[in-house]
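Have a look at the structure below, then the notes.
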Amino acid sequence: MASQLFKSGTSIGANVREAQNSESSADFIHKFKIAAKEADKTQYWLELCEKSRFLPQPNPQLFIDLNIIMKIISKIISSAKKR
């Protein structure tokens, strides 16, 4: 579980970085959509940890920060689509 959380959590930033070097507007949007999916996956893994009695409880601030990141990614995608 820790490995999955690490992979999805770090993939968000990696895809945002890739988007910064995208070759087209469509590629930019695609990379940010992948980042959004990875953020959603990260939220899923954190929720599983939160509900488990056998895993460490995630800091509640992680959910707040992730929610902010998800909103920013969503806004970037919607703004890029309007161009």
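The values are calculated or read from the model by the stated rules, or taken from the named source; none is laboratory data. The structure displayed is predicted, hence computed values, not measured ones. Here Cβ is always computed from backbone atoms with ideal geometry, including for glycine, and neighbour counts include all displayed protein chains. To get the accessible areas, we keep the full protein, side chains included, count just its heavy atoms, and leave off ligands, DNA and RNA. Shrake-Rupley method; radii C 1.70, N 1.55, O 1.52, S 1.80 Å.
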### Message
Can you sort Met1, Met70 by solvent-accessible area, 1.4 Å probe, largest first?
### Response
Met1, Met70
#### Entry: Descending semi-axes in Å of region 43-83, equivalent ellipsoid built from Cα gyration tensor
30, 9, 4
### Query
To the nearest 500 deg cm²/dmol, what mean residue ellipticity at 222 nm is calculated for the chain from DSSP H runs of n ≥ 4 alone, each contributing -39,500 (n - 2.57), summed and divided by the residues?
-29000 deg cm²/dmol
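What are the semi-axes of the equivalent ellipsoid of the chain, taken as the square roots of 5 times the eigenvalues of the Cα gyration tensor, listed largest first and rounded to whole Å? Display every interim value, and only then the final one.
Values: eigenvalues 152, 32, 13 Å².
For the chain, the semi-axes come out at 28, 13, 8 Å.
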### Task
Choose one of Tyr44, Ile29, Ile12: the residue whose Cα lies farthest towards the positive end of the charge dipole of region 1-55 (beta-carbon charges +1 Lys, Arg; -1 Asp, Glu; about the Cα centre).
Tyr44
### Message
About the Cα centre, and with charges only on the beta carbon of Lys, Arg (+1) and Asp, Glu (-1), how big is the dipole of region 25-83? Nearest 20 debye, please.
### Response
340
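Here are some pairs, Lys51/Lys75; Lys37/Lys82; Lys7/Lys33; Lys7/Lys82; which of them have Cα atoms lying more than 23 Å apart in this structure?
Values: Lys51/Lys75 29 Å; Lys37/Lys82 21 Å; Lys7/Lys33 16 Å; Lys7/Lys82 31 Å.
In this structure, Lys51/Lys75; Lys7/Lys82 lie more than 23 Å apart at Cα.
Length gain on complete extension for the stretch Phe54 to Ala80, per 0.36 nm per residue less the alpha carbon to alpha carbon distance?
Details: separation 26, 0.36 × 26 = 9.36 nm, distance 4.19 nm.
The span from Phe54 to Ala80 would gain 5.2 nm if fully extended.
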### Summary
Here the relative contact order (percent) of the chain, from C-alpha pairs under 8 Å and at least 6 apart, is 31
